[in-house]
Amino acid sequence: MRGPHNIIRLIRTLATLERTGAIGVVLEAMDAPPRLRAVARVLGWPFKWLGLKGDPALPPATRALTALGPAYIKFGQILSTRPDIVGDELALQLKYLQDKLPPFPVEVAKRMIEEELSLPVDQMFSSFSEPVAAASIAQVHRARLAETGEDVAVKVLRPGIEKAFRKDIDAFYFAARAIETLSPASRRLRPMDVIRHFEGVVLGELDLRLESAAAAEFAANTAKDEGFRVPQPVWHLSARQVMTLGWAEGVSMSDNAAIDAAGHDRTVLGARVLQLFLNHALRDGYFHADMHQGNLKVGADGAIIAYDFGIMGRLDEYTRRVYAEILFGFIRKDYRRVAEVHFEAGYVPADREIDEFARALRVVGEPIFGMDASRISMARLLSYLFEVTERFGMETRTELILLQRTMVVVEGVARSLDPHINIWQVAHPVVEAYIAQNVGPRALLRDLGKTLQVVARFGPKLPGMVEARLVQQNAGPKPAPHAVHPVIWMTAGGALVAVGVALGALL
Ligand SMILES: Nc1ncnc2c1ncn2[C@@H]1O[C@H](COP(=O)(O)OP(=O)(O)O)[C@@H](O)[C@H]1O
Ligand SMILES: [Mg+2]
């Protein structure tokens, strides 16, 4: 962790930021405290000549990170999803970081596959292509299974990438710790947390078994979604550094001309991409959190195909219900109700003034609903909402920020397909259907059913539990006079079990 190599890395990074002119942009965007600015300039400036030059055609921050290598590119990409840390402007700049690198030779890929799967490549695949795509962490080949003749995509990690990332992450931690020590005021930016978040995301992507598992779970959840496909993992040809998926062919989602030429209706595709995303987030609580155009294609039959399951988002059932109610409250302009939902969920501390909160929510909703229909954005609504809730004491939650940032990307994809899309109109039926299913009497009954099923599992044990409790009671000290007798609890439990079993069978 400590040591001269980390100091050298830190200086090289600062020197590169100086040389590319990115230092000012970065310090400004993060609103860095004065002492931190001073130290960064003093450490970086004298070594400017040692910094990497980068590609002068790129904007400063992008230029610096691209020059510094894969871990920095990835770091920048992850920061682009955290405008709460780097500000909106820099986040937007970082979004355009191209994660493209020269491929490594097919022979190296084959050697890694043989090592990982302990079989000769020829025995597994009857054909194996040159790389079809290459990014900072992995590259993809097209191959054919020797056994079945099925076409597959084989993703292989860059050789030595894990070690290289670990070294860089180590240096990031060193820098974060140095920043916190030098400038306590910078703790507001939570540098250590940011690096921990980065490490979590990246280490996840460095183990392709996790991506295979994500692909499998996502494919299972969405199997019945019409007009949507997820390639299935081929488990016996997948491991930590190699992942094999069914090959899924299509035209790129960023190529409108090709989509038109293939005869697909972009209005339909735009609406579908948004509705799919909402359904995955609300219905399944498991969504693709990297849904940019590079990870989407349109198949010959018009289905949308998703690739790349390295970053997925999860929302628990409770959070989904709360947010569906919040969105629905906004749709009905019932700001008081939206405020109440926040209080009921304990998201906003109980000592805050509810009317004032409702008023702040009106300020969020009204301008957005007053907009021209083609400019209304759910992502913007959520982003304004989080600003207000934070002001009222709600803690920032990573999974909600991920949801909001993905919504920005998905809305962008939908708009690029259909510039006239009305986001609310398209989203409305999905939110409404979810509310009908999951909030209200039907949901209450289902919850009750589930609870009772849990209680029912104790059914055969209940008589024994009653007896044991009674024996203990007789032997032990007298219960407090106001305590409800355990037998009453047990009897009530028994009755609940009966109802539970009946309901469980019905629902
Ligand atoms: N199952 C597949 N079928 C066909 N092409 C694929 C498949 N998986 C990946 N690809 C192609 O390889 C590209 C890169 O794959 P991806 O998983 O997005 O890698 P990365 O994580 O490096 O972005 C995709 O954009 C797609 O064009
Ligand atoms: Mg990708």
What percentage of all Cα-Cα pairs in the chain are separated by more than 44 Å? 29
Inter-label distance, nm, simple model (7 Å from Cα along the C-beta direction), Asp351/Arg336: 2.6
Can you compute the helix-only [θ] at 222 nm over the chain? Use -39500 (n - 2.57) per DSSP H run of at least 4 residues, normalise by all residues, nearest 500 deg cm²/dmol. -18500 deg cm²/dmol
Chain lengthening between Ile7 and Thr396 when straightened (0.36 nm per residue, less Cα-Cα): 136.8 nm
Among Ile23, Ala443, Pro46 the positive-end extreme of the charge dipole of the chain (Cβ point charges): Pro46
The stretch 248-290: spread of alpha-carbon positions along the three principal axes, whole Å, largest first, is 35, 20, 15
Per residue, what volume in Å³ does the convex hull of the Cα atoms of the stretch 309-372 enclose? 113
Chain lengthening between Asp372 and Lys163 when straightened (0.36 nm per residue, less Cα-Cα): 70.2 nm
Residue (of Leu315, Val338, Val273) at the positive-pole extreme of the stretch 249-439, dipole from beta-carbon charges: Val338
With no solvent term and unit scatterers on the alpha-carbon positions of the stretch 249-439, Debye gives log₁₀ I(q)/I(0) at q = 0.20 Å⁻¹ of -1.43
Quick one: Kirkwood hydrodynamic radius for the stretch 204-323, alpha-carbon pairs, angstrom, one decimal? 15.0
How long is the gain from Val106 to Gln425 if the chain were fully straight, where each residue apart is worth 0.36 nm and the alpha carbon distance is subtracted? 110.0 nm
Rounded to two decimals, what ratio of Rg to Rh does the stretch 353-441 give with C-alpha atoms and a Kirkwood Rh? 0.99
Could you bin all the Cα-Cα distances of the stretch 48-124 into 5 Å bins starting at 0 and give me the percent of pairs in each, rounded to whole numbers? 3, 14, 18, 15, 11, 10, 9, 9, 7, 3, 0
Coil-residue chymotrypsin sites (Phe, Trp or Tyr not before Pro) of the stretch 410-467, DSSP, other Cβ within 10 Å capped at 16: Phe458
Scan the chain and report its longest stretch carrying no trypsin sites (Lys or Arg not before Pro) that are both in a DSSP loop and have at most 14 other Cβ atoms within 10 Å. 101-223
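Quick note: the coordinates plus some simple rules give every number you see, no bench work behind them. Since the structure is predicted, the reported quantities are computational estimates derived from the model, not experimental observations. Every residue, glycine as well, gets a Cβ built from its backbone with ideal geometry; the counts of neighbours run over all protein chains shown.
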